[in-house]
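Below: one structure, written as structure tokens.
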């Protein structure tokens, strides 16, 4: 692990905490909206799509 830089300095490891920026918050908001819309459609539209009926 020393060879890969773990434990040497704080800047050399990818386990450092990085605060979320605006693009991250936007992606989380889009995912939340898609999940909410999917759950809403699942509860409102109870018919099962069957093309061969």
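Observations, loosely collected:
- Ranked 25, 49, criterion: other C-beta atoms within 10 Å, fewest first: 49, 25
- Residue-span extension gain [residue 38 to residue 25] - 0.36 nm each, minus C-alpha spacing: 2.7 nm
A short reminder: the numbers here are calculations on the coordinates, not readings from a lab. These figures come from a predicted structure and were not determined experimentally. Reconstructed Cβ throughout: ideal geometry from the backbone, glycine too, with neighbour counts over all protein chains shown.
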